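Participant: Pasting a structure below so you can have a look.
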């Protein structure tokens, strides 16, 4: 026990002596949250749009107006034909064209369903999908407005009892992606700092030769590992708090849930990333190798976590793999705590999964870490 | 009294035999030199004796403890200093001593009295709070040896302790080794400086993983009819490789 304290004291001395390191701990969360929070956005705004209006009626003009007032679209003007619209898309002047057919108003009033065509630049599939959703929203809104005017239609509607769905987002009312991204950044930050620093700090001692010296002392394996890991847990904890503060100050995003629940869950999660770092240190001979090994696993962890890509969109096989990814659970947990204020009791499944993975990775990696040379 | 006993000790790495059936024993208070070209198997042998490396076959005991089954007991009874640097350059001299003292399980008062004692002994009082990186190499080497002995072990393993050190510092280092031997400590040292070999009580010369000669320096010089250990070494190595 005493030996662990001496190791911890030594680690902190080394950390505090490294000025860049302190800058990293306190500067990095701010920079990451500012840059990534603003840059990574799935919100789609100002999609350049043109309209081809073959009908030139009162209703078709109303439709054009509706598109030009919204923030989501940037109305670039009317075009004369479909060919012109396609050309504008080809040249990248617009990302979406709406084509209103001839007799739009007449058909609408007669109750024949007229079809509006939307031509979308699908190169950026995500944005295209979101733009389409906006388009649908606007046309549904217009339909409701017109129902009152078209007597025949409203009479029919009364018979059909069409269910109108009015979506209301409960926990992220404005559906702002920053609310989703920032907790995710906090999660990846914990992962980064624990996995990288653990691996590198052990391998650095191997490189300079002090690890060999420690190996001939009576220090025990577990003491050596705890002495390495505990200071980094403190560092990660500081970093998390700086991140929480940064998110609040910059985006006004304060967590709804209990901060101690988050601390506890973060610790469970960090067990597996610390384990990853220890594992990397047992395989790597140089700090670069350790970093690369940790990076290799982290990329998969992030991509398969549901941070950027919804897990439901993945093929079933890949979805199965994501259950082995501790970050998958932590992303859910940190979002729930941040946006919904979910209580610990409702997150026990995720907590359990992270705890089991964490202990397994941590213990297996520690067993691999031998006080002998190969 | 025998403190290190080695019998047919062998270590292979894949098909390569680094140490090939080596046998010897070292007496208490002896300065035992281990000579040989690079790659002759000196470091591998020393690492097996320190419990850093598992032997492939053979037996070895250090301070009465078996290298296979009691490496942790061995570690309590040895000091080890490798050719690689073993101090933390970003810690001060005092912090290094304190850290290793703590790791070797010394109590707080023991650590502070040891620190004062060592600083005085090495004449490092003025640099006690300077970063280790800033003190001269020769001093670092003696400091490294002293920290490796904070727990007062009866046996000391030195793996090329003086490589990269100027001649004056080398001489000072050997004076330190002599003092330790006088105190009854067993010194096991590898080197490829042949003048250092003259200072040893007995030397063994290794080549291709095997011990070719094991004698007192004087006996070897008489046997090969030369004046220096340098000439002995050249003759031994060349004769066998022809």
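Participant: Report the gain in length on full extension from residue B:134 to residue B:212: 0.36 nm times residue separation, minus Cα-Cα distance, nm rounded to one decimal. It would help to have the intermediate numbers written out before the result.
Facilitator: On the way: separation 78, 0.36 × 78 = 28.08 nm, distance 4.18 nm.
Full extension of this stretch gives 23.9 nm more.
Participant: Here's another thing I want to ask about it. Enter the mean number of other protein chain beta carbons within 10 Å of the beta carbon of each residue in B:69-77, as an integer.
Facilitator: 2
Participant: What is the extension gain from residue B:76 to residue B:234, computed as 0.36 nm multiplied by their sequence separation minus the C-alpha to C-alpha distance, in nm to one decimal?
Facilitator: Working: separation 158, 0.36 × 158 = 56.88 nm, distance 3.76 nm.
Result for the pair: 53.1 nm of gain on full extension.
Participant: Moving to a separate point now. For a quick check: sort A:81, A:72, B:56 by the number of other beta carbons within 10 angstrom, fewest at the front. Show your work: numbers first, answer last.
Facilitator: Numbers: A:81 11, A:72 18, B:56 14.
By the 10 Å Cβ count, ascending, the order reads A:81, B:56, A:72.
Participant: What percent does the relative contact order of chain B come to when contacts are Cα pairs within less than 8 Å and at least six residues apart? Write out the running numbers ahead of the final one.
Facilitator: Working: 435 pairs, mean separation 63.6, N = 242.
Normalised by residue count, the contact order of chain B is 26 percent.
Participant: When ranked by the protection proxy of mean other Cβ atoms within 10 Å per residue, highest first, what sequence do the peptides B:104-116, A:181-193 form?
Facilitator: Working: B:104-116: 16.0, A:181-193: 23.6.
The peptides rank, most packed first, as A:181-193, B:104-116.
Participant: Let me ask another. Running a GNM on chain A with Cα contacts under 10 Å, which residue among A:17, A:285, A:204 ends up with the highest mean-square fluctuation?
Facilitator: Highest fluctuation of the listed residues: A:17.
Participant: Kindly express, to the nearest 10 degrees and within the range 0 to 90, the angle between helix A:326-335's C-alpha long axis and the longest C-alpha principal axis of chain A.
Facilitator: 60 degrees
Participant: Using a 7 Å offset from the Cα along the Cα-to-Cβ direction at both residue B:83 and residue A:356, what is the distance between the two label points in nm, to one decimal?
Facilitator: Once both label points are built, they end up 5.0 nm from each other.
Participant: Suppose we keep just the DSSP beta bridges with both residues in segment A:47-160; what percent of those would be antiparallel, to 5?
Facilitator: Here the share of antiparallel DSSP bridges comes out near 30 percent.
Participant: Could you compute the FRET efficiency for residue A:143 and residue A:367, with r as their C-beta to C-beta distance and R0 at 60 Å, rounded to 0.05? Could the numbers behind the result be given before it?
Facilitator: Values: r = 65 Å, r/R0 = 1.08.
That gives a FRET efficiency of 0.40.
Participant: For residue B:179 and residue B:121, compute 0.36 nm times the residue count separating them, minus their Cα-Cα distance, and round to one decimal in nm. Show your work: numbers first, answer last.
Facilitator: Working: separation 58, 0.36 × 58 = 20.88 nm, distance 1.18 nm.
Answer, rounded to one decimal: 19.7 nm.
Participant: Hey, rough spin-label estimate for residue A:324 and residue A:69, points 7 angstrom out along Cα→Cβ, what's it come to in nanometres?
Facilitator: The answer from the label model is 5.5 nm.
Participant: Sticking with this structure for a sec: Summarise the partner chain shielding of A:203-216 as one whole number: the mean count of Cβ atoms from other chains within 10 Å of each residue's Cβ. Before the final figure, lay out each step's value.
Facilitator: Details: counts 0, 0, 1, 0, 1, 7, 6, 9, 2, 8, 13, 4, 7, 15.
Per residue, the number of nearby Cβ atoms from other chains is 5 on average.
Participant: Now a separate question. Quantify how strongly other chains surround peptide B:98-107 by giving the mean number of their Cβ atoms within 10 Å of each of its Cβ atoms. Please list the in-between numbers first.
Facilitator: Numbers: counts 4, 8, 6, 1, 9, 14, 5, 6, 2, 1.
That average works out to 6.
Participant: So, one more: Give me the percent relative contact order of chain A, please, defined on Cα pairs under 8 angstrom at least 6 residues apart. Mind showing how you got there, number by number?
Facilitator: Values: 464 pairs, mean separation 71.8, N = 374.
Dividing the mean separation by the residue count of chain A yields 19 percent.
Participant: For chain B, give me the percentage of DSSP beta bridges that are antiparallel, rounded to the nearest 5 percent. Write out the running numbers ahead of the final one.
Facilitator: On the way: 21 of 40 bridges.
Given both bridge residues lie in chain B, the antiparallel proportion sits at roughly 50 percent.
Participant: When you count, for each residue, the other Cβ atoms within 10 Å and take the mean per peptide, how do A:289-298, B:187-196 rank with the highest first?
Facilitator: On the way: A:289-298: 18.0, B:187-196: 21.5.
Ranking the peptides A:289-298, B:187-196 by packing returns B:187-196, A:289-298.
Participant: State, to one decimal in nm², a quarter of the convex hull surface area for the C-alpha atoms of segment A:287-374, i.e. the direction-averaged projected area. Please report the intermediate quantities before stating the final value.
Facilitator: Numbers: hull surface 31.4 nm².
Here the figure is 7.9 nm², rounded to one decimal.
Participant: Another question, then. Under the Kirkwood approximation applied to all pairs of distinct alpha-carbon atoms, what is the hydrodynamic radius of segment A:173-308 in Å? Walk me through the numbers on the way to the answer.
Facilitator: Working: mean 1/r = 0.0619 Å⁻¹.
One decimal place: 16.2 Å for the Kirkwood radius.
Participant: By the gyration tensor of its Cα atoms, with a ≥ b ≥ c the square roots of the eigenvalues, what is the shape of chain A: rounded for a/c under 1.5, prolate for a/b over b/c, or oblate?
Facilitator: Values: a/c = 3.18, a/b = 2.68, b/c = 1.19.
Prolate is the answer for chain A, as a/c is 1.5 or above and a/b outweighs b/c.
Participant: What is the spin-label model distance, in nm, from residue A:249 to residue B:171 if the labels are put 7 Å beyond Cα along the C-beta direction?
Facilitator: My value for the distance between the label points is 6.1 nm.
Participant: Hey, another quick one. For segment B:87-152, what relative contact order do you get, as a whole percent, if you take Cα pairs closer than 8 Å and at least 6 residues apart?
Facilitator: Values: 57 pairs, mean separation 32.6, N = 66.
Rounded, it is 49 percent for segment B:87-152.
Participant: How far is helix B:137-148 tilted, in degrees, relative to the longest principal axis of the Cα atoms in chain B, given as a value from 0 to 90 rounded to the nearest 10?
Facilitator: 90 degrees
Participant: Also: Nearest 5 is fine: what % of DSSP beta bridges in chain A come out antiparallel, could you say?
Facilitator: Beta bridges within chain A, antiparallel portion: roughly 30 percent.
Participant: Which whole number in µm²/s is D for segment B:1-151 by Stokes-Einstein, with the Kirkwood Rh taken over Cα pairs at 20 °C and 1.002 mPa s? Let's see the in-between values first.
Facilitator: Working: Rh = 17.1 Å.
Approximately 125 µm²/s, per Stokes-Einstein.
Participant: I would also like to ask the following. Which shape class applies to segment A:1-138: rounded if a/c is under 1.5, otherwise prolate when a/b exceeds b/c and oblate if not, where a ≥ b ≥ c are the square roots of the Cα gyration tensor eigenvalues?
Facilitator: Working: a/c = 4.91, a/b = 3.83, b/c = 1.28.
The shape class here is prolate.
Participant: I'd like to compare A:88-94, A:122-128: which one has the highest average count of other Cβ atoms within 10 Å, and what's the full order after that? The partial results should precede the final answer.
Facilitator: Working: A:88-94: 15.0, A:122-128: 13.0.
Answer by packing, highest mean first, reads A:88-94, A:122-128.
Participant: Same structure again: What is the angle, in °, between the Cα long axis of helix A:125-149 and the longest principal axis of the Cα atoms in chain A? Nearest 10 is fine, range 0 to 90.
Facilitator: Compared with the principal axis, the helix lies near 40 degrees.
Coordinate-derived values only; no laboratory data. Computed from a predicted model, the values in this text were never measured in an experiment. Neighbour counts are summed over all protein chains in view; Cβ atoms, including those assigned to glycine, are modelled from backbone coordinates with ideal geometry.
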